[in-house]
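Beneath this line is the structure, given in structure tokens, with notes to follow.
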Amino acid sequence: MSIRFTPSSTALRRSAIAPAPVVVRRIRTLLAAGLPTRIIKDVLPCVSGSGDALDVCTLGHLRDRLTGLDEQLTGLQAARDALAAILAATERSAVVAGAA
């Protein structure tokens, strides 16, 4: 069985035909790479072969998503650092309070 995808206006202007298991594997690979389904919908028609590399038309999407993930990581690291500082201060207070 084949599934026919028609790319959106932001994707490459061609149709891709692939057996359903291949399409599912490609989608899972893109999801595992952190791409949301709204972007997968746009880039899926640009996937060929094994799906390890996408056509050049997807570079903007891929770079934008990588930048977004980097920004999220920076935010998470800042939150982690703040929480670690609060934890350390609380532990120091507990030791001082216990010693008194």
Over 10 Å intervals from 0, what percent of Cα-Cα pairs in the stretch 54-100 sits in each interval?
24, 24, 18, 15, 11, 6, 2
Zone reached by a paramagnetic label modelled 7 Å from T90 Cα along Cα→Cβ, restricted to the stretch 64-80 with backbone N below 14 Å, covers 80
What ³J(HN,Hα) values, in whole Hz, does the Karplus curve 6.51 cos²θ - 1.76 cosθ + 1.60 give for the stretch 28-42 when θ = phi - 60°, with x put for Gly and Pro?
4, 4, 5, 5, 5, 7, x, 7, x, 4, 5, 7, 4, 4, 7
Send over a whole-number figure in Å² for the accessible area per residue of the stretch 36-100, probe 1.4 Å.
70 Å²
For the Q77, L31 Cβ pair and Förster radius 22 Å, calculated FRET efficiency rounded to 0.05 is 0.40
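The values are calculated or read from the model by the stated rules, or taken from the named source; none is laboratory data. Everything numeric in this text was worked out from a predicted model, so none of it was measured. Positions of Cβ are generated from backbone atoms using ideal geometry, with glycine treated the same way; all protein chains shown enter the neighbour counts. Keep in mind that these areas ignore ligands, DNA and RNA; they rest on the heavy atoms of the full protein, side chains included. Shrake-Rupley method; radii C 1.70, N 1.55, O 1.52, S 1.80 Å.
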